[in-house]
Amino acid sequence: MVCTQCSLAEVQKLQPNNSQLYQLTYRQEQGVMEVSWVSNTRWWNHLTAPRLRIRGEDSLVQKLTAEENLLKEVEVSGILNSSQILDLNAVTIRG
């Protein structure tokens with residue numbers, strides 16, 4: 001995660017040439033994640049905008065958005081559907 005409680009537009013102002021930024025929303029919260037690799041590009045290549053809604057257990061979302069994990073390498077496992085909803089299955093902190 002690049003930041004939480006921020007918008008994609010805010011981060012793009014600071015990183016205008018970064019095309020790997022995606023806004024994630026969960027309930028009323030939002031944040032921005034930089035995505036460097038995906039294992040299955042089937043749905044990813046068809047995103048209509050760099051915005052995803054995420055669903056999953058609260059503990060997974062909390063792990064993903066925890067302040068102590070900001071700017072760390074994170075592996076997110078889940079299923080992205082055609083409605084641009086990412087169903088989280090696992091969140092692993094790498095860095």
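The values are calculated or read from the model by the stated rules, or taken from the named source; none is laboratory data. Since the model is a prediction, treat every value here as computed from it, not as a measurement. Because the Cβ atoms are built from the backbone with ideal geometry, glycine has one as well, and the counts that use them run over all protein chains shown.
Side notes on the structure shown:
- Filtered residues of region 6-16 (kept if of a type in the set (S, T, N, Q) and in a helix (DSSP H, G or I)): Gln12
- Subset of region 73-95 that is touching a Gly at 6+ places or on another chain (Cβ under 8 Å) and among the small types (Gly, Ala, Ser) - its residue that is surrounded by the fewest Cβ atoms within 10 Å (Cβ to Cβ): Ala90
- The residues of region 62-75 that are within 12 Å of the chain's Cα centre (by Cα) and polar (S, T, N, Q) amount to a single one, Thr65.
Let's see how each residue does on (1) farther than 15 Å from Gln5 by Cα; (2) over 13 Å from the mean Cα position of the chain (by Cα); (3) modelled with pLDDT under 95:
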site	(1), (2), (3)
Trp37	yes, no, yes
Arg42	yes, yes, yes
His46	yes, yes, yes
Leu60	yes, no, no
Leu88	yes, no, no
Val91	yes, no, no
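Let's see how each residue does on (1) touching a Gly at 6+ places or on another chain (Cβ under 8 Å); (2) among the hydroxyl-bearing types (Ser, Thr, Tyr):
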| residue | (1), (2) |
| --- | --- |
| Ala9 | no, no |
| Gln12 | no, no |
| Pro16 | no, no |
| Leu21 | no, no |
| Glu29 | no, no |
| Ser36 | no, yes |
| Gly56 | yes, no |
| Ser59 | no, yes |
